[in-house]
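Notes to accompany the following structure.
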Amino acid sequence: MNRSSRSGPPGSGRAARANPGDRWTRYRFRSVWDLDAEPDRVYAALERPESYPLWWPQIRAVAPAADGSSGTAFIRSALPYTLRVSAAELLRDPVRGILEVALLGDLEGWARWTVRPRSGGTRALYEQEVEVRRPLMRLLAFPGRPVFRLNHTLMMRAGRRGLAAHLAVRPEAV
């Protein structure tokens, strides 16, 4: 297997495999969420992955590790399987509005949130580059690719709706 060419987010050390036969198992995703909340509130919600199951239906559970900068998420969208993905923090920069993690498990690669102000609220950009490692998904890589991409799209839509609803609830004044 040729694994000589590697790429990943700047400074991450994470890689995507260059084997041409693996092209069907590699994905690049980009989602833009426009939210009617202040950037600080959006960033605060996104930097707490252990609370994602409260507002993102497809994130079934998150088990934080003792180190506080990593953990494991269990994700299930429309398809009848649950992904197990461990995430390790690469970058947490509230000043620049960036959260970035390395991913291992059923998906291997990286994911990044970039939170910026926009007129009337916040724009949250989600970027992800991963290779599918789960054996069944690799086996179904070619015929299943459009379905896997649709599954991801549906999950991201539900996440945006869930976060918007979560942010619309104001904390009660004490």
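The values are calculated or read from the model by the stated rules, or taken from the named source; none is laboratory data. Since the model is a prediction, treat every value here as computed from it, not as a measurement. Positions of Cβ are generated from backbone atoms using ideal geometry, with glycine treated the same way; all protein chains shown enter the neighbour counts. These accessible areas exclude ligands, DNA and RNA; they are computed on the full protein's heavy atoms, side chains included. Shrake-Rupley method; radii C 1.70, N 1.55, O 1.52, S 1.80 Å.
For the range 38-68, list residues with backbone N below 18 Å from a point placed 7 Å from the Cα of residue 89 toward its Cβ? Once the point is set 7 Å along Cα→Cβ of residue 89, 40-53, 62-68 turn out to lie under 18 Å by backbone N, inside the range 38-68. A simple count of charges around residue 145, restricted to other residues whose Cβ falls under 12 Å of its Cβ and scoring Lys, Arg +1 and Asp, Glu -1, yields +4. Nearest 10 degrees is fine. How inclined is helix 141-168 to the longest principal axis of the chain, computing both from alpha carbons? Around 10 degrees separate the two axes.
Over the chain, what is the relative contact order in percent, taking alpha-carbon pairs closer than 8 angstrom and at least six residues apart? Could the numbers behind the result be given before it?
Details: 323 pairs, mean separation 44.2, N = 174.
Value for the chain: 25 percent.
The tail of the calculated P(r) for the chain beyond 19 Å holds 58 percent of all Cα-Cα pairs. Shape summary: the range 95-174 maps onto an equivalent ellipsoid whose semi-axes, from the alpha-carbon gyration tensor, are 31, 16, 12 Å in decreasing order. For the chain, the fraction of 1.4 Å probe accessible surface lying on carbon and sulfur atoms is 56 percent.
Placing a label point 7 Å from the Cα of residue 147 along the Cα-to-Cβ direction, the residues of the range 61-94 whose backbone N falls under 20 Å from that point are 75-84.
Modelled this way, with points 7 Å down the Cα-to-C-beta line, the labels at residue 138 and residue 82 are 2.3 nm from one another.
Rounded, prolate or oblate, given the Cα gyration tensor of the range 32-99, with a/c below 1.5 counting as rounded? Judged from the Cα gyration tensor, the range 32-99 comes out oblate (a/c at least 1.5, b/c at or above a/b). Estimated purely from DSSP H runs of n ≥ 4, each contributing -39500 (n - 2.57), the mean residue ellipticity at 222 nm for the chain is -8000 deg cm²/dmol once divided by its residues.
In whole angstrom, how long is each semi-axis of the equivalent ellipsoid of the range 134-174, when you take the square root of 5 times every eigenvalue of its Cα gyration tensor and sort them from largest down?
After scaling each eigenvalue by five and taking roots: 37, 10, 3 Å.
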